[in-house]
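Following: one structure in structure tokens, then a few remarks.
The values are calculated or read from the model by the stated rules, or taken from the named source; none is laboratory data. Fair warning: this is a prediction, and the values are worked out from it, not measured in the lab. As a convention, Cβ positions derive from the backbone with ideal geometry for all residues, glycine included, and neighbour counts pool all protein chains shown. Ligands, DNA and RNA are stripped out before the accessible areas are found, and what is left, the full protein with its side chains, is counted by its heavy atoms. Shrake-Rupley method; radii C 1.70, N 1.55, O 1.52, S 1.80 Å.
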Amino acid sequence: MPEGFAGKVVWLIGNKGMLGTELSLLLEERKIPFTGTDRDVDITDEAALTGFARQKPVNWIVNCAAYTAVDKAEDDGETCRALNTLGAANIARCAKSTGARLIQLSTDYVFDGKGNAAGDAAPRPCREDDETNPIGVYGLTKRDGEQMVLENNPASYIIRTAWLYGAYGNNFVRTMLRLMGERDEVNVVNDQRGSPTWARDLAGLILTLIETADKPGAVVPCGIYHYTNEGNISWFDFALEIYRQGRSRGLLVKDCKVKPCTSTEFPARVKRPEYSVLDKTKIKTTLGITIPAWDKSLGSFLGILTKDKGSQWKI
Ligand SMILES: NC(=O)c1ccc[n+]([C@@H]2O[C@H](COP(=O)([O-])OP(=O)(O)OC[C@H]3O[C@@H](n4cnc5c(N)ncnc54)[C@H](OP(=O)(O)O)[C@@H]3O)[C@@H](O)[C@H]2O)c1
């Protein structure tokens, strides 16, 4: 167990989701005591949360549970709000009443994707204190969740991230590898920019935050932080790199043409932010970390997939 974790117990909420599964594995690997729950302790039920917390005292709560079906959310606003806003508030109150410190996950979708706060001419990465302006139900409920967390328990950390992928759950990299294996051609949108983020890197960052904040005399101010992998590209560029690395590693065994298109060719229920790049200066300087570049992390992920091909991580 890392030194900073002696005597600490982490409660991981949403342990069966994409990020939650990755974080569970990392906690196990590092021998950090933790307890994980998912739908078995419903975050929309405050009594269930506090009942669980009373039975199993914890020092830290990490909330990875959320309603993440961005398109479906447009027609299912009530359920989405119950999880992302009211559920987040329930967890914040539970953390406060039990004395645990909370890390709440949030999203680039709290911004409108214009990246031009304060009338800047060209888009620039969004900073933590830039004004939010969500353009869909998912983003709105996550933004309101952030506010509820900070209102109910100001001693909380909120980590906004974006474009997550990994070995578990539905995500862009797994979908691309599957489609590129099946088809001769895939069309990918070229008019939305962001920073692909490996869920395992984010899981590592969460543990670094806990470890650093728990060090005697350390000052890690509570509040909002941004974390993604370094660099930014379009979904089309991302797909090209997945194809290039997938082919060179033998994960993809046949040719497939990757073609750019516009988002109007992929009508979706909700508009996606066009420029979804987050400024990470605050987390880098606060924790003294360097963040891996998106293409390097993609390489690390595909390297693991290649080694484990045919075992537990089915593409
Ligand atoms: N995925 C991304 O690209 C992305 C980008 C930016 C930010 N984020 C944020 O990062 C966090 C983790 O995202 P993720 O993609 O790992 O999410 P995910 O895979 O959708 O996992 C969410 C987990 O919460 C569970 N859950 C649903 N309702 C619940 C309830 N009432 N009580 C307790 N658990 C419940 C889900 O179960 P079911 O699967 O059975 O519903 C699932 O296991 C979220 O806060 C998300 O908003 C994600």
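Please specify each residue of the range 8-33 satisfying the condition of being assigned to a strand (DSSP E or B) and either hydroxyl-bearing (S, T, Y) or more than 14 Å from the ligand (Cβ to nearest atom) (or both). Reasoning before the result, please.
Just the residues of the range 8-33 that are assigned to a strand (DSSP E or B), to begin with: 10-13.
The answer is V10, and nothing else.
G166 fails exactly one of the following numbered conditions: (1) within 14 Å of the ligand (Cβ to nearest atom); (2) open to solvent by 50 Å² or more (accessible area, probe 1.4 Å). What is the number of that condition?
It is condition (2) that G166 fails.
Return yes or no: is N116 modelled with pLDDT under 95 and out of contact with any His (no Cβ under 7 Å at 6 or more places or on another chain)? Even if it seems obvious, please write down each step before you answer.
On the way: modelled with pLDDT under 95: yes; out of contact with any His (no Cβ under 7 Å at 6 or more places or on another chain): yes.
It is true that N116 is modelled with pLDDT under 95 and out of contact with any His (no Cβ under 7 Å at 6 or more places or on another chain).
Might you check whether a residue that is out of contact with any Phe, Trp or Tyr (no Cβ under 9 Å at 6 or more places or on another chain), more than 21 Å from M18 (Cα to Cα), open to solvent by 40 Å² or more (accessible area, probe 1.4 Å) and touching a residue at least 60 places away in the same chain (Cβ under 8 Å) occurs anywhere in the range 203-213?
So far as the range 203-213 goes, no, none of its residues is out of contact with any Phe, Trp or Tyr (no Cβ under 9 Å at 6 or more places or on another chain), more than 21 Å from M18 (Cα to Cα), open to solvent by 40 Å² or more (accessible area, probe 1.4 Å) and touching a residue at least 60 places away in the same chain (Cβ under 8 Å).
Identify the single condition in (1) modelled with pLDDT under 95; (2) in contact with a strand residue (DSSP E or B) (Cβ under 7 Å, 6 or more places away or on another chain) that P57 does not satisfy, given that it satisfies every other one.
(2)
For (1) more than 20 Å from the chain's Cα centre (by Cα); (2) open to solvent by 70 Å² or more (accessible area, probe 1.4 Å); (3) among the β-branched types (V, I, T), each residue gets a yes or a no:
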residue	(1), (2), (3)
T228	no, no, yes
A239	no, no, no
K254	yes, no, no
K257	yes, yes, no
S276	no, no, no
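Condition check ((1) at pLDDT 95 or above; (2) buried (at least 21 other Cβ atoms within 10 Å of the Cβ); (3) in a helix (DSSP H, G or I)) across all residues:
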| position | (1), (2), (3) |
| --- | --- |
| T35 | yes, no, no |
| V41 | yes, no, no |
| Y67 | yes, yes, no |
| A82 | yes, no, yes |
| L86 | yes, no, yes |
| N90 | yes, yes, yes |
| A122 | no, no, no |
| Y138 | yes, yes, yes |
| D144 | yes, no, yes |
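Answer yes or no as to whether L102 is over 27 Å from N232 (Cα atoms), outside any helix (DSSP H, G or I) and within 13 Å of the ligand (Cβ to nearest atom). Walk me through how you get there before you give the answer.
Values: over 27 Å from N232 (Cα atoms): yes; outside any helix (DSSP H, G or I): yes; within 13 Å of the ligand (Cβ to nearest atom): yes.
Considered against the rule, which asks whether it is over 27 Å from N232 (Cα atoms), outside any helix (DSSP H, G or I) and within 13 Å of the ligand (Cβ to nearest atom), L102 comes out as yes.
Is at least one residue of the range 182-194 part of a helix (DSSP H, G or I), over 15 Å from N63 (Cα atoms) and open to solvent by 40 Å² or more (accessible area, probe 1.4 Å)? Outline the logic, then answer.
So the first thing to find is which residues in the range 182-194 are part of a helix (DSSP H, G or I), and the list is 182.
So of that shortlist, the ones also over 15 Å from N63 (Cα atoms) come out as 182.
Next, only the ones that are open to solvent by 40 Å² or more (accessible area, probe 1.4 Å) stay: 182.
Yes: one or more hits.
Do you know which of the residues in the range 71-118 that are basic (K, R) and touching a strand residue (DSSP E or B) at 6+ places or on another chain (Cβ under 7 Å) is farthest from A268 (Cα to Cα)? Before the answer, list the steps.
Step one: filter the range 71-118 for residues basic (K, R), giving 72, 81, 93, 96, 101, 114.
So of that shortlist, the ones also touching a strand residue (DSSP E or B) at 6+ places or on another chain (Cβ under 7 Å) come out as 101, 114.
Numbers: R101: 38, K114: 19 Å.
The residue in question is R101.
Scan the range 250-270 and report the pairs whose first residue is more than 14 Å from N187 (Cα to Cα) and whose second residue is of a type in the set (D, E, K, R) and part of a loop (DSSP other than H, G, I, E, B), with Cβ atoms within less than 6 Å and a gap of 6+ or a chain change.
So the pair list comes out as A268/D71; R269/D71; V270/D71.
Restricting to the range 47-64, name every residue that is more than 8 Å from the ligand (Cβ to nearest atom), open to solvent by less than 60 Å² (accessible area, probe 1.4 Å) and of a type outside the set (A, V, I, L, M, F, W, C). Please lay out each step first, then the result.
Taking the range 47-64 first, the residues more than 8 Å from the ligand (Cβ to nearest atom) are 47-62.
Imposing the further condition that a residue be open to solvent by less than 60 Å² (accessible area, probe 1.4 Å) reduces the set to 48-53, 58-62.
Hits for the range 47-64 are T50, G51, N59.
Tell me which residues, restricted to the range 235-269, are in contact with an Asp or Glu (Cβ under 7 Å, 6 or more places away or on another chain), among the small types (G, A, S) and outside any helix (DSSP H, G or I). Quick ask: steps written out before the conclusion?
Taking the range 235-269 first, the residues in contact with an Asp or Glu (Cβ under 7 Å, 6 or more places away or on another chain) are 241, 256-257, 259, 262-263, 268-269.
Still in the list and also among the small types (G, A, S): 263, 268.
The one that is in contact with an Asp or Glu (Cβ under 7 Å, 6 or more places away or on another chain), among the small types (G, A, S) and outside any helix (DSSP H, G or I): A268.
Please tell me if T286 is surrounded by 15 or more Cβ atoms within 10 Å (Cβ to Cβ) and part of a helix (DSSP H, G or I).
Working: surrounded by 15 or more Cβ atoms within 10 Å (Cβ to Cβ): yes; part of a helix (DSSP H, G or I): yes.
Here the answer is yes, as T286 does meet what is asked.
Kindly provide the set of residues from the range 105-118 that are in contact with a Ser or Thr (Cβ under 9 Å, 6 or more places away or on another chain) and not in a helix (DSSP H, G or I), ordered by number. Before you say what the answer is, go through the steps one by one.
Here is the first cut: in the range 105-118, the residues in contact with a Ser or Thr (Cβ under 9 Å, 6 or more places away or on another chain) are 105-113, 115.
Hits for the range 105-118 are L105, S106, T107, F111, D112, G113, G115.
Give me the pairs, please: first residue somewhere in the range 148-160 and more than 13 Å from Y225 (Cβ to Cβ) and more than 14 Å from the ligand (Cβ to nearest atom), second residue anywhere and open to solvent by 10 Å² or more (accessible area, probe 1.4 Å) and assigned to a strand (DSSP E or B), beta-carbon distance under 7 Å, and either six or more positions apart or on two chains.
A155/R101
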